[in-house]
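Data first, discussion second: the structure below is written as structure tokens.
Bear in mind that the values in this text are calculations on the coordinates, not laboratory data. Everything quoted here is computed from the prediction, not taken from an experiment. Cβ placement follows ideal geometry from the backbone for every residue including glycine, while neighbour counts extend to all protein chains displayed.
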């Protein structure tokens with residue numbers, strides 16, 4: 001009986017990959033441990049090994065095939081070269097290129113039958129981008145790298161340090177190619193010693209340099225909290241304005257996928273509380289690039305929170321020599337009049353999907369991407385709430401003392417008379433992140449939660 | 001890797017100071033002593049708030065280090081920092097006015113005793129978290145190496161901080177990256193109330209704590225300014241030759257409590273008395289001045305009077321200067337672009 005070789009999942013967030021190159025050919029005898037093929041993920045090129053012994057009777061997915069979903073059969077190992085009878089029956093089918101979104105199925109079922117045409121969504125004119133600018137489709141990952149590379153070309157004093165940023169090309173491939181361009185002096189692999197290297201980076205900033213510190217993930221920055229807060233954030237004040245720490249702390253933040261409690265949390269609210277640092281958390285690639293460039297130029301310490309799941313997502317990025325986005329400015333990404341949905345980072349995924357689904361019900365939501373957490377652009381939120389009279393805040397972080405809590409308090413203080421309903425918060429559940437797939441899903445917010453919250457503030 | 005040269009320095013072969021050096025050292029140490037006595041007095045009068053950690057007894061350490069420094073070298077230390085600031089030639093009036101929390105203080109009254117800085121004088125603080133200044137100081141060394149400016153960062157910490165994990169993280173990186181940093185361990189015997197023997201493994205050889213990282217270390221008599229300077233001369237040369245970091249353990253002693261609110265019941269009065277009588281860095285220097293006929297008693301008295309005047313003027317200034325304007329509450333939190 002033959003067995004299928006399946007497309008493997010090679011990282012917590014991998015959903016699909018590329019069969020880069022077969023290292024065996026049909027008819028070859030393989031034993032367990034033999035390297036069969038090279039698989040390219042969004043982070044790295046990896047080898048897959050045979051687990052079963054036999055003859056590689058058929059290659060189902062050829063060299064260079066992209067977007068092969070995890071668990072798709074890519075080859076068959078049989079007892080001999082003609083054995084392609086896989087247990088369970090049917091002839092393997094080639095990989096579907098894209099899965100149907102289950103949420104869209106749900107939407108189709110839930111959408112009321114009488115609504116046949118959704119009202120047209122209003123996408124506000126982007127005043128940040130000059131008219132006629134060409135756009136380039138870019139992943140968030142590439143946008144972050146481009147931002148660092150451009151700023152390092154412009155300023156000799158900017159350098160990158162962190163674990164695996166140089167020779168390994170970045171644990172999440174953010175710094176890919178940077179060692180080759182800038183050399184080991186400016187792209188520096190550190191030992192695994194967050195407390196120490198963060199302190200060294202802050203000291204280097206005191207000494208006149210502009211460090212970019214990459215935390216492989218922000219979970220590890222907890223070891224460096226003292227230097228981020230006590231050394232970087234407070235020195236300008238404590239020195240009466242004489243010296244501060246112009247630097248960026250950046251890296252993956254928030255839940256990835258199935259990595260459990262110690263690797264899954266959003267630190268926005270932690271850092272947002274600290275006077276002396278700025279906190280940025282972009283969603284799109286254009287904002288990731290423009291804000292990171294601004295963060296590197298900023299004369300203050302900036303905590304730049306990225307999201308692993310967004311790294312591989314593509315967005316249009318303006319094709320400009322020097323594209324920057326100002327820190328401290330939120331962006332209305334969809335105009336509407338029924339409710340204001342405020343979110344940031346991956347929360348925008350839920351907010352935008354909910355807005356689509358609400359539009360099908362004739363509810364036009366205005367969606368604001370906060371982009372910067374501190375200083376928070378309250379005027380943009382207040383202006384919107386004065387128009388919609390309702391507000392829902394969406395985030396993946398915990399609900400207690402959250403960004404949503406802060407926005408709720410501010411909206412209450414500044415726009416109490418305009419509110420027709422209490423501000424609603426959609427957040428992660430107040431539990432450590434569980435590992436089991438079903439529990440993890442329950443712990444995180446989703447578009448349905450946002451739709452429900454919007455309906456609750458609309459009393460429908 | 002070459003075996004790290006770690007050793008205890010011998011007192012017998014110390015290079016004698018010239019007349020200028022001895023007088024300069026005596027003056028610098030006495031200024032710190034008188035300043036700290038005055039600070040203690042003002043604290044007792046309620047003019048200085050919060051924590052106040054005096055440097056009395058340890059004056060030879062920073063003085064000897066400073067004498068070995070060159071223009072552009074930096075200094076960074078913990079919260080026991082008044083002596084370091086005076087050694088860096090920071091204005092005694094500005095330091096004292098910071099202690100009293102006034103606008104004219106070096107941090108506009110917003111830093112206090114533990115948090116003062118002077119970019120102009122290359123003094124990088126004044127840090128209140130035990131051990132945090134160690135990676136920061138290594139970072140200054142990192143910047144020196146990056147800019148190739150030839151400067152050395154002198155990073156001071158106590159024997160208490162020498163047990164912090166980040167110190168060893170810093171040793172490791174300073175060594176692999178060959179950072180020009182001199183780690184000066186000011187071993188005054190007590191981390192607040194805990195004797196070094198009770199808190200540090202192999203407490204008699206803290207200078208050896210970098211040896212596994214390949215960092216040479218020596219122990220020097222931190223009560224003898226000549227021994228301090230001599231150890232530093234070697235260390236600075238080592239750093240400037242591009243050989244990476246260096247550790248000097250200064251055996252020293254503080255006469256006062258850990259802070260003004262510490263009754264120091266963890267040691268005997270006799271122990272303190274013995275150190276004062278037999279090892280006082282200023283008395284030792286004075287004896288050499290007189291013996292070498294660098295100055296006579298009358299001249300030293302005049303010097304003391306001059307220092308007392310400087311300190312007394314600083315104290316008057318610090319008490320008369322206005323408190324910071326209420327608007328200062330909201331300044332210096334963020335720097336504007338282009339500042």
When only Cα pairs under 8 Å and 6 or more residues apart are kept, what is the percent relative contact order across chain A? 12 percent
Please compute the Kirkwood hydrodynamic radius over chain A, one decimal place, Å, based on all pairs of different Cα atoms. 24.0 Å
Inter-centroid distance (Cα atoms) of segment A:36-50 relative to segment B:76-115, Å: 59 Å
For chain A, what is the calculated [θ] at 222 nm in deg cm²/dmol (nearest 500), taking -39500 (n - 2.57) for each run of four or more DSSP H residues and dividing by its residue count? -7500 deg cm²/dmol
What list of whole percents do you get for P(r) of segment B:128-182, with Cα-Cα distances grouped in 10 Å bins up to the one holding the largest distance? 28, 54, 17, 1
For residues of A:206-213, the mean tally of beta carbons on other chains within 10 Å: 6
Cα-based Rg/(2.2 N^0.38 Å) for the protein assembly as shown, rounded to two decimals, is 1.15
What's the long-distance tail for segment A:329-458, i.e. % of Cα pairs beyond 23 Å? 25 percent
Using alpha-carbon pairs under 8 Å, 6+ residues apart, how would you state the relative contact order of segment B:33-145 in percent? 25 percent
Kindly rank A:129-137, B:222-230, B:132-140, A:269-277 from highest to lowest mean number of other beta carbons found within 10 Å of each residue. B:132-140, B:222-230, A:269-277, A:129-137
Residue-averaged 222 nm ellipticity for chain B, from DSSP H runs of 4+ at -39500 (n - 2.57), nearest 500: -13500 deg cm²/dmol
Among A:330-338, A:193-201, B:289-297, A:43-51, how do they line up by average Cβ neighbours within 10 Å per residue, starting with the highest? A:193-201, A:330-338, A:43-51, B:289-297
Over the whole of A:242-251, what's the average partner chain Cβ count within 10 Å per residue? Rounded to a whole number, please. 3
Considering only DSSP beta bridges with both partners in the protein assembly as shown, what is the antiparallel share in %, to the nearest 5? 40 percent
Going by average Cβ density within 10 Å per residue, which order do the peptides A:431-438, A:371-378, B:263-270 take, highest to lowest? A:371-378, A:431-438, B:263-270
So for chain A: antiparallel DSSP bridges make up what percent, rounded to the nearest 5? 50 percent
Counting other chain Cβ atoms within 10 Å of each Cβ in B:108-118 and taking the mean gives 4
In units of 2.2 N^0.38 Å, the Cα radius of gyration of chain B is 0.97
Segment B:6-318: relative contact order in percent, alpha carbon pairs under 8 Å with at least 6 residues between: 25 percent
Debye intensity ratio in log₁₀ form over the Cα atoms of segment A:135-318, taken at each q of 0.13, 0.18 Å⁻¹: -0.60, -1.20
Segment B:6-318 - share of DSSP beta bridges that are antiparallel (%, nearest 5): 10 percent
Taking segment A:163-248 on its own, what percent of its Cα-Cα pair distances exceed 17 Å? 49 percent
Name the most mobile residue of B:172, B:208, B:187, meaning the one with the largest mean-square fluctuation, in a Gaussian network model of chain B with Cα contacts below 10 Å. B:172
Once each part is reduced to its C-alpha centroid, what is the distance from segment B:139-160 to segment B:231-291 in angstrom? 22 Å
